[in-house]
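The values are calculated or read from the model by the stated rules, or taken from the named source; none is laboratory data. These numbers were taken from a predicted model, which means no experiment stands behind them. Cβ placement follows ideal geometry from the backbone for every residue including glycine, while neighbour counts extend to all protein chains displayed. For accessibility, only protein heavy atoms count, side chains too; no ligands or nucleic acids. Shrake-Rupley method; radii C 1.70, N 1.55, O 1.52, S 1.80 Å.
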Amino acid sequence: MEDGNDELLTQGGFERVTDYDLVIDQCLKELMDVGHLDSVESLDAIGFKTVLGKDLTGCVEADEKVIEALEGFEAVAPAHNPVYANGIRKFREKIPSVTSVALFETAFYQWKPEVAQRYAIPKKWHDAGVQRWGFHGASHKFIAERSAELLGRDDVAENARQLYVKGPSKIEGKPLRVISCHLGGSSSVTAIRNGVAIGCSMGFSPQSGLPQNNRVGDLDSMAIPYIAKTLDISLVEAERQLTKESGLLGVSGISNDVRDLEEAMEEGNTDAKFAFDLLVHDIRHWIGAYAFELGGVDALVFTAGIGENGQMLRAQVCEGLEEFGLVLDKGVNDKTRGKEVKISAEDSKVAIYVIPANEELVIAKEVYRFMKNRG
């Protein structure tokens, strides 16, 4: 990989991994069998899309400090942190000569204004790590770069590219204001000014923000002790239900998949329609909040599985916003699934795009920049 000259050589994945040693050996063997590696030693680095670390963020070498940071927030991200900590440890044990690099999902938000990071909590809570971190950083960073390129703002695209190496630079002239909607099994909306995130709908954990597939999203903290007492369940059980039986699944009662909800809606299922409408409502809420915070919008972007493929959802999110300069081209929108397309009408003051997510490319480029900058 070189700056401005990257090529995807291969891709793949493993599911339901129980033996990391076996999977690592198989992955390396396949890469050597097809000629992408001469030997394990020819690898320069391995990148990890880590989620949340206690007292640590950014693009950093995945050493013991990273593993300790992941374990320090294991209770906050139980579905992610133990897996990544184990994976990093196993790679370092099997191929110690190769540098492991962690790109935290929170890294894209480290330059948010302080008021966008704080909760109104005692300082000792904040010092313990309770703050609005923000997630899906790799996805939103890709949108920051790609949307700037599509809008002809090379200065902003370069600012986004160099964030983890140099930090944000001052951009002259009119700011570029983008709202990125990462909508999938896990969803978030991020406000981006000149390639730099200024806010995210997700806060302390991936549990927050929009209704997720089976996670609640935003919830008043008093609801937990209240429901524990009312339903005579433990706090642990209440949290389990909020992380496993809530979100789109909890509201619809049938599925956590928007495709299933759309099918059920066609059959007249009112609970499915309500879950769908609730998701649309909350997406619009965050778009509106960030449009105000940014002082206007130059581009609205839909990405990730639902964002890329959900014609109905995109249409409903944009419905009735013509007075705000967002005019959807219905014909283009209805034909767009999983490809990069401008779906706004010619007379729309705000550009509306579908841009497929490419988190793997962001990780590869950031690992390359980290290694190059380290020397």
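Annotations for the structure displayed:
- Simple Cβ-charge dipole of the chain, Lys/Arg +1 and Asp/Glu -1, about Cα centre, in debye nearest 20: 1060 debye
- Averaged over its residues, the stretch 16-159 has an accessible area of 49 Å² per residue, based on protein heavy atoms and a 1.4 Å probe.
- In the stretch 207-248, the portion of solvent-accessible area held by carbon and sulfur atoms comes to 60 percent [1.4 Å probe, whole percent, DNA, RNA and ligands not counted].
- Calculated SAXS-style log₁₀ I(q)/I(0) at q = 0.08, 0.15 Å⁻¹ - the chain, Debye, Cα scatterers: -0.43, -1.47
- Heavy atoms of residue 164 accessible to a 1.4 Å probe, total area in Å² rounded to 10: 40 Å²
- Shape call, the stretch 245-375: gyration tensor on alpha carbons, a/c limit 1.5: oblate
- With the charge dipole of the stretch 68-118 set up from +1 on Lys and Arg Cβ and -1 on Asp and Glu Cβ about the Cα centre, the Cα lying farthest toward the positive end among the listed residues 85, 99, 110 is that of 99.
- Accessible surface of the stretch 306-356, 1.4 Å probe, proportion on carbon and sulfur as whole %: 48 percent
- For the pair the stretch 70-95 and the stretch 292-350, the centres of their Cα atoms are 37 angstrom apart.
- Close amide H contacts of residue 328 (hydrogens built in the peptide plane, cut-off under 5 Å, sequence separation of 5 or more or a different chain): 345.
- Furthest towards positive pole of dipole, 208, 256, 233, structure part the stretch 164-283, Cβ charges: 208
- The order of the peptides 237-244, 92-99, 212-219 by mean Cβ neighbours within 10 Å, most packed first, is 212-219, 237-244, 92-99.
- Here is how the number arises for the chain: DSSP H runs of 4 or more residues each give -39500 (n - 2.57), the sum is divided by the residue count, and the result at 222 nm is -12500 deg cm²/dmol.
- About its Cα centre, the dipole of the stretch 135-272 is roughly 900 debye, where the only charges are +1 on Lys and Arg Cβ and -1 on Asp and Glu Cβ.
- Dipole orientation for the chain: of the candidates 169, 144, 39, 169 has the Cα lying most toward the positive pole (charges on Cβ; Lys, Arg +1; Asp, Glu -1).
- Accessible area per residue, Å², the stretch 193-243 with all protein chains present, probe 1.4 Å: 49 Å²
- Across the cross-link table entries 166/365; 166/342; 166/349, which are compared at the Cα atoms, the separations over 21 Å belong to 166/342; 166/349.
- 14 Å beta-carbon shell around residue 52, net charge (K/R +1, D/E -1): -2
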